[in-house]
Structures are given as C-alpha cells and as structure tokens.
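*Asks:* First the structure, then my questions, so here it is.
Just so it is clear, none of the values below were taken in a lab; they were calculated from the coordinates. Remember, predicted model here, so these are calculated numbers, not experimental data. Methodologically, a virtual Cβ is constructed for each residue, glycine included, from the backbone with ideal geometry; neighbour enumeration extends over all protein chains shown.
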C-alpha cells in the first residue's frame, strides 16, 4: 500500500511537470512564439538601422553640398556673409 501511494505521488508530480512544460509560461509553444517575435523585432531593428544610415548619408551629402555652394558663391560671385569683411589681395 505504501509503494502505491509513492507511485501515485510520483505520477502526479510527473503530470505537473509535463503540464507546465506543454502549457505553462515556460512551455515549448510559448518559447517558440517568443523566438518568432524576437526574430521579427530583429528584422525591424535592422530595417531601422539601414534607414538611419541612409538618412545620415543624406545629411552628410547635404552638408557637403551646402559647403560647396557657399565656396562657389564666395569664389565666383564674391559673396560674403552679413557680418564679414572682404579682404581681397591682388598680385602685380
């Protein structure tokens, strides 16, 4: 009789552990779902990272372009900023 109780207790514990494995928070289906969500988030992060790199390159291009326009305006048109004084040297 005592052995039977121990066997029933062990069977109940086994069912409890198996139930948690298949149905609880640490169940395999839940882990698989979380892994899928993680992969999806990683893809979204990579897309955002690529977008940020494109925007940074665009900002750099715009800055370089503005500097080039300013340099051309100064050299070819003799333009100056409002608070600057133009000093022009000529060679003889």
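*Asks:* Could you please find all residues in the stretch 67-85 being in a helix (DSSP H, G or I) and over 39 Å from the mean Cα position of the chain (by Cα)? Explain how you work it out, then say what you get.
*Replies:* So the first thing to find is which residues in the stretch 67-85 are in a helix (DSSP H, G or I), and the list is 67-77.
Matches in the stretch 67-85: 73, 74, 75, 76, 77.
*Asks:* Confirm whether residue 5 is loosely packed, with under 10 Cβ neighbours inside 10 Å and either part of a helix (DSSP H, G or I) or touching a helix residue (DSSP H, G or I) at 6+ places or on another chain (Cβ under 8 Å) (or both). Step through it out loud before you land on a result.
*Replies:* Working: loosely packed, with under 10 Cβ neighbours inside 10 Å: yes; either part of a helix (DSSP H, G or I) or touching a helix residue (DSSP H, G or I) at 6+ places or on another chain (Cβ under 8 Å) (or both): yes.
So residue 5 fits the description; yes.
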